[in-house]
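All of the numbers you see were taken from the coordinates with simple rules; none came from a lab. Because the structure is a prediction, the values reported are computed rather than measured. Counting neighbours? That spans all protein chains shown, and the Cβs are built from the backbone with ideal geometry, glycine included.
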Amino acid sequence: MDAATSHSTVHRGAVYLHQGGSYLVLEFDLDAAVALVEAATPDWTTVAREDTDIRVVESIRSRIAGDVELHLGTVEVSSQVVSYQRRQTGSGRVIGDEALDLPARHLRTRAVWYTVAEGLLAEAEIDDDAVPGAVHAAEHAAIGILPLFATCDRWDIGGVSTALHPDTSLTTVFVYDGYPGGAGFAERGFLRGGPWLRATRDVIAACECVAGCPSCVQSPKCGNGNEPLDKPAARRLLDAVLCRLDPS
């Protein structure tokens, strides 16, 4: 596997699935690029927890629609796997949390992002406490839908969402290419911004679950364990964004 993926999937203590087999990682040697495993079938799984920061290097193209801005540009992504949870198979109950000492990884790539002003959040009836869950759920859903508009897999792209980003000074949702220099996926998202976000909103609205599930706003690759997520607020957020960006 690639080096970036290895940090979250074959770190020390991870349960790794390969071709139908289950393995426990005994040692993870970054210098040698080797993970030593043994066959094992524990009654628990592992989920890595990752801290990710994103810095805007430059905006190359933008579209402003009232208090919503859509941008395409260059970003610097810093990611670090800091711990992992052991979760009981079936119930998902957390039975352990172990710290990891892994170096941060840095990626300069292309991203598409949109910002929303405070007035739009108020219009969508999203208070300060609900903003993190709303943008996180909207980010996950957007990543899941982008492969319909760009020739990619959801594992080819990543995302970051924040209630107040230091570079934009606004609530911001980023989706970035997982390859150095970019691979054109974010650009397709920018060019099809309205239809892409409308499809994202429609997936959330059509899903019959109450609080969010893997079919709408949960992500199998989330570094925060799919927390926090606010599905109803994400739908209201996207409705308000689309009123500006794609009012058709």
Based on the Cα coordinates of the chain, what is the per residue volume of their convex hull in Å³?
134
Taking the chain as a whole, which cysteines find no other cysteine Cβ under 4.7 angstrom from their Cβ?
Cys152, Cys222, Cys243
Which residue, chosen from Pro147, Ala183, Val203, occupies the Cα position most advanced towards the positive end of the dipole of the stretch 102-220, where the dipole is computed from +1 (Lys, Arg) and -1 (Asp, Glu) charges on Cβ about the Cα centre?
Ala183
Tell me which GluC sites (Glu not before Pro) from the stretch 103-180 have a DSSP coil assignment and no more than 14 other beta carbons within 10 Å of their own.
Glu125
Note down the net charge around Ser78, summing +1 for each Lys or Arg and -1 for each Asp or Glu among other residues with Cβ under 13 Å from its Cβ.
-1
Dipole in debye (nearest 20) - the chain, about Cα centre, beta carbon charges: Lys, Arg +1; Asp, Glu -1:
660
Expressed as a whole number of Å, what is the distance separating the alpha-carbon centroids of the stretch 95-137 and the stretch 189-248?
13
Would you please give the FRET efficiency between Glu98 and Leu164, computed as 1/(1 + (r/R0)^6) with r the Cβ-Cβ distance and R0 = 22 Å, to the nearest 0.05?
0.10
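Determine the calculated [θ] at 222 nm for the chain from helices alone, applying -39500 (n - 2.57) to every DSSP H run no shorter than 4 residues and normalising by the residue count; nearest 500 deg cm²/dmol.
So the helix-based figure for the chain works out to -7500 deg cm²/dmol.
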Ascending count of other beta-carbon atoms within 10 Å, so fewest first, for Arg93, Arg188
Arg93, Arg188
